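Here's the structure we're looking at; comments come further down.
The values are calculated or read from the model by the stated rules, or taken from the named source; none is laboratory data. The structure displayed is predicted, hence computed values, not measured ones. As a convention, Cβ positions derive from the backbone with ideal geometry for all residues, glycine included, and neighbour counts pool all protein chains shown. Each accessible area value is taken on the protein alone, full model and side chains, heavy atoms only, with ligands, DNA and RNA left out. Shrake-Rupley method; radii C 1.70, N 1.55, O 1.52, S 1.80 Å.
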Amino acid sequence: MTAALAPFDRHRRLLFTVAYQMLGSVADAEDVVQDAWLRWSAAPRDDVVDARAYLVQITTRLALDRLGSARARRETYVGPWLPEPLLTGGGVAGAPPAPGPDEAAELGEQVSLALLVVLETLSPAERAVFVLREVFGMPVAEVAGALGRSEAAVRQTAHRAREHVEARRPRFDTDRRAQREATERFLAAAAGGDVEQLLAVLAPDVVLVSDGGGKAKAALRPIEGADKVARFVAGVSSQGLAVPDLRVEVADVNGAPAIVAWQGGEPFLSMSMVLAEDGRIGQVLLVRNPDKLRGVALRS
């Protein structure tokens, strides 16, 4: 068992991230990794030449199996559905440490919630190819092996998925400092319930999407326009003042500064921002469903 555990542990973070990018769910990704371990530990491994490629293949196929049922569940989901946020460090006491250089490379360069939202619009096959080929940069042959498809089919799917994502993803590449400054200005304005200050940091066509899943108070439809978003955020902030033992901080979520709140050590909300070209906030992704906040839970 020890001989089987060593290669699996070496690639565990990669396997989790592949599954997470495929499913947008921390809980489902953890289940997929556990299932991958059970298959790996039970299978004969004498003829396995490349453990990493073999494990990615198992994980990808398990994630694809789950993706169909996950999408069926989302058809009856209450309100907008957002991916589960994932705390990635950033100096918060109790948070998991930020990944080192090697781990960061395994995570890929594109782990933002905004990208995960776009990936939801792809077909399962397109999503798998995009995650493996574009996010993790795996060779076409390796992707083809993982999916049981020809290399020509993978190239066609990758091209189609890439065009789809590029047409829908935010086009403005924000540096980390600008992202954090905008997030801190937003938090300061929201904490004070200052509608005018909120308007100053919001783009005119900003869109706020909130995910409560019917288990926490949230808007049932996206809120569009700076004035409506500012008033909604000010209202949420005023309600938050009545929540006892609420701790709010700027923390790293999916590799970028975001606002996270905990109540008595338990996750309360996560709010990620996407900047527009003028440096103001063009998109707000607010997750309130308690079932989807395990990825921002503090560790003792």
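Among the candidates Gly79, Gly89, the residue that is modelled with pLDDT under 95, open to solvent by less than 10 Å² (accessible area, probe 1.4 Å) and in contact with a strand residue (DSSP E or B) (Cβ under 9 Å, 6 or more places away or on another chain) is uniquely Gly89. Can you tell which of Val284, Val260 is closer than 18 Å to Leu115 by Cα and open to solvent by less than 30 Å² (accessible area, probe 1.4 Å)? Every option except Val284 fails the conditions. In this structure, is Arg247 closer than 16 Å to Ala190 by Cα, out of contact with any Lys or Arg (no Cβ under 8 Å at 6 or more places or on another chain) and at pLDDT below 95? So Arg247 passes the test. Looking at the structure I just gave you, is Ala29 closer than 15 Å to Leu116 by Cα, in contact with a helix residue (DSSP H, G or I) (Cβ under 7 Å, 6 or more places away or on another chain) and open to solvent by less than 10 Å² (accessible area, probe 1.4 Å)? So Ala29 fits the description; yes.
In this structure, does Glu196 turn out to be farther than 21 Å from Leu113 by Cβ, open to solvent by 50 Å² or more (accessible area, probe 1.4 Å) and either of a type outside the set (A, V, I, L, M, F, W, C) or touching an Asp or Glu at 6+ places or on another chain (Cβ under 8 Å) (or both)?
Details: farther than 21 Å from Leu113 by Cβ: yes; open to solvent by 50 Å² or more (accessible area, probe 1.4 Å): yes; either of a type outside the set (A, V, I, L, M, F, W, C) or touching an Asp or Glu at 6+ places or on another chain (Cβ under 8 Å) (or both): yes.
Yes; evaluated as a whole, the condition is true for this residue.
Inspect the stretch 70-81 for any residue being outside any helix (DSSP H, G or I), over 24 Å from Ala161 (Cα atoms) and among the β-branched types (Val, Ile, Thr) and give the result as yes or no. Show your work before the answer.
Going through the stretch 70-81, the residues outside any helix (DSSP H, G or I) turn out to be 75-81.
Narrowing the set further to residues that are over 24 Å from Ala161 (Cα atoms) leaves 76-79.
Filter again for among the β-branched types (Val, Ile, Thr), leaving 76, 78.
Looking for residues that are outside any helix (DSSP H, G or I), over 24 Å from Ala161 (Cα atoms) and among the β-branched types (Val, Ile, Thr), one finds at least one in the stretch 70-81, hence yes.
Beta carbons closer than 9 Å, at least 6 apart along the sequence or on distinct chains, pair a first residue in the stretch 130-148 that is closer than 18 Å to Leu62 by Cα and part of a helix (DSSP H, G or I) with a second that is acidic (Asp, Glu) and at pLDDT below 90 for Glu142/Asp50.
Rundown of residues vs (1) in contact with a Ser or Thr (Cβ under 8 Å, 6 or more places away or on another chain); (2) in contact (Cβ under 8 Å) with a residue 60 or more places away in the chain; (3) aliphatic (A, V, I, L, M), yes/no style:
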site: Ala203; (1), (2), (3): no, yes, yes
site: Val207; (1), (2), (3): no, yes, yes
site: Leu220; (1), (2), (3): no, yes, yes
site: Glu224; (1), (2), (3): no, no, no
site: Lys228; (1), (2), (3): no, no, no
site: Gly235; (1), (2), (3): no, no, no
site: Ala276; (1), (2), (3): no, yes, yes
site: Val296; (1), (2), (3): yes, yes, yes
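When residues in the stretch 36-68 are screened for being under 17 Å from Leu14 (Cβ atoms), open to solvent by 50 Å² or more (accessible area, probe 1.4 Å) and either free of Cβ contacts under 8 Å to residues at least 60 places away in the same chain or in contact with a Lys or Arg (Cβ under 8 Å, 6 or more places away or on another chain) (or both), 4 of them pass. Just for the stretch 208-227: of the residues that are among the acidic types (Asp, Glu) and surrounded by fewer than 21 Cβ atoms within 10 Å (Cβ to Cβ), which one is farthest from Ala189 (Cα to Cα)? Among those residues, the one meeting the criterion is Glu224. Among the residues of the stretch 119-133, none is identified as buried (at least 18 other Cβ atoms within 10 Å of the Cβ) and among the hydroxyl-bearing types (Ser, Thr, Tyr).
Rundown of residues vs (1) outside any strand (DSSP E or B); (2) not hydrophobic (A, V, I, L, M, F, W, C), yes/no style:
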site	(1), (2)
Asp227	yes, yes
Val236	yes, no
Glu249	no, yes
Met273	no, no
Gln283	no, yes
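Being part of a loop (DSSP other than H, G, I, E, B), in contact (Cβ under 8 Å) with a residue 24 or more places away in the chain and within 21 Å of the chain's Cα centre (by Cα), is that true of even one residue in the stretch 176-192? No, because not a single residue in the stretch 176-192 is part of a loop (DSSP other than H, G, I, E, B), in contact (Cβ under 8 Å) with a residue 24 or more places away in the chain and within 21 Å of the chain's Cα centre (by Cα).
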